[in-house]
Amino acid sequence: MNDLYEKMAQELITGNEVEVKKLTQEALDKGANPKEVLDSGLLAGMEVVGKRFKAGDMFIPEVLLCARTMHAAMDILKPLLSDADAAGAGTVVIGTVEGDLHDIGKNLVAMMLQGAGFKVIDLGVNIKPQGFVDAVKEHKPDILGMSALLTTTMPKMEETITALKEAGIRDQVKIMAGGAPVTQDFIEKIGADTYGANAASASEGAKALVA
């Protein structure tokens, strides 16, 4: 079975959706555990994608293709996985802050997090502080991710953290923030837990937060 998983990972790295779906089904037909297929085949491939992206050996269009390939295979696995298995690494609620409609970076981070084994709840763009608070209360995620591309919307990150404190739930969730104008200094100033400089480092930072 290891050879099959290795082939699955390799085909995922090349973005071969048809072959990855076929191999996923083949593994299941041979009696493989769905969680094992996810971990040893799909996530193993996406881990390589993440490393190559961070090293500059892969680019956004290729990463998106790999992520789409993984999603296609996950459609086969999802009905067979328990909720706990499907969110093996943990749950992340993510969104772009109020006043900001940019979502390309956020979407890429969400895909990389899914590729790292997280269950991702994407709230979208222009999310008010209270919207983040409500989502944390509802989904009880391990991590809350906030994105901002405009310097004018960055203060909304601090407002959101304040709103979480006022709701008494700040200590229940780790906070990751990122976006082009965001810096490590800013993260420390507003009291977030980690800084996602780009999609690959955001994924690594998220894994570190739940380790």
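Only the coordinates and a few stated rules stand behind these numbers; no lab work does. From a predicted model like this one, the values you see are computed outputs, not experimental measurements. Here Cβ is always computed from backbone atoms with ideal geometry, including for glycine, and neighbour counts include all displayed protein chains.
Compare the Cα positions of ALA167, GLN10, GLY90 along the charge dipole of the chain (+1 at Cβ of Lys, Arg; -1 at Cβ of Asp, Glu; about the Cα centre) and return the one farthest towards the positive end.
Value computed over the given set: ALA167.
Quick check: pseudo-label points 7 Å beyond the Cα along Cα→Cβ at ALA180 and VAL48, how many nm apart are they?
Calculated label separation equals 3.3 nm.
Under a straight-distance cross-link criterion of Cα-Cα below 21 Å, which lysines are reachable from LYS7, leaving out those fewer than 8 residues away in the same chain?
Of all the lysines, those that pass the test against LYS7 - Cα under 21 Å, at least 8 places apart if same chain - are LYS21, LYS22, LYS30, LYS35, LYS51, LYS78.
From the helices alone, meaning DSSP H stretches of at least four residues, give me the mean residue ellipticity at 222 nm for the chain, per-run term -39500 (n - 2.57), in deg cm²/dmol to the nearest 500. Show your work: numbers first, answer last.
Values: 10 runs with 113 residues, N = 211.
Taking each H run of at least 4 residues, the total per residue is -16500 deg cm²/dmol.
Order these peptides, 19-32, 103-116, 152-165, by their mean beta-carbon neighbour count within 10 angstrom, highest first. Before the final figure, lay out the partial values.
On the way: 19-32: 16.6, 103-116: 22.3, 152-165: 19.0.
Result, highest mean Cβ count within 10 Å first: 103-116, 152-165, 19-32.
Mind ranking 166-178, 34-46 by how tightly packed they are, going by the mean number of other C-beta atoms within 10 angstrom, highest first?
Packing order, densest peptide first, comes out as 34-46, 166-178.
Which of the listed residues, ILE104, CYS66, VAL182, is farthest toward the dipole's positive end in the chain, when Lys, Arg count +1 and Asp, Glu count -1 at the beta-carbon?
Most positive-ward Cα: VAL182.
Give, rounded to the nearest 20 debye, the magnitude of the charge dipole that the chain has about its Cα centre when Lys and Arg contribute +1 at Cβ and Asp and Glu contribute -1 at Cβ. Walk me through the intermediate numbers first.
Values: 21 positive and 30 negative charges, 29 e Å.
Roughly 140 debye for the chain.
Picking from LEU81, VAL49, GLN25, whose Cα lies most toward the positive end of the charge dipole for the range 2-84 (charges on Cβ: Lys, Arg +1; Asp, Glu -1)?
So the residue furthest toward the plus end is VAL49.
Which whole number of Å³ per residue matches the convex hull of the alpha-carbon atoms in the range 2-84?
Numbers: hull volume 6.9 nm³, N = 83.
Output value, Cα hull per residue: 83 Å³.
To the nearest 0.05, what FRET efficiency results for LEU28 and THR152 with a Förster distance of 35 Å applied to their C-beta separation? Could the numbers behind the result be given before it?
Numbers: r = 49 Å, r/R0 = 1.41.
So the FRET efficiency works out to roughly 0.10.
Using mean Cβ contacts within 10 Å as the protection proxy, how do 55-62, 131-138 order, highest first? Don't skip to the answer; put the middle values down first.
Values: 55-62: 11.6, 131-138: 18.0.
Order by mean packing, descending: 131-138, 55-62.
Tell me, in nm to one decimal, what length is gained between ASP75 and ALA167 on full extension, where the rule is 0.36 nm per residue of separation less the Cα-Cα distance?
Details: separation 92, 0.36 × 92 = 33.12 nm, distance 3.62 nm.
Result: 29.5 nm gained on full extension.
Could you give P(r) for the range 85-208, binned at 5 Å from zero, as whole percent values over all Cα-Cα pairs?
In order of increasing distance, the bins hold 2, 13, 26, 27, 21, 9, 1, 0 percent.
List, largest first, the extents of the alpha carbons of the chain along their principal axes, each in whole Å.
Result for the chain: principal-axis Cα extents of 52, 34, 27 Å.
Please build a GNM for the chain, connecting alpha carbons under 10 Å apart, and tell me which residue among VAL63, VAL182, VAL18 fluctuates the most.
VAL18
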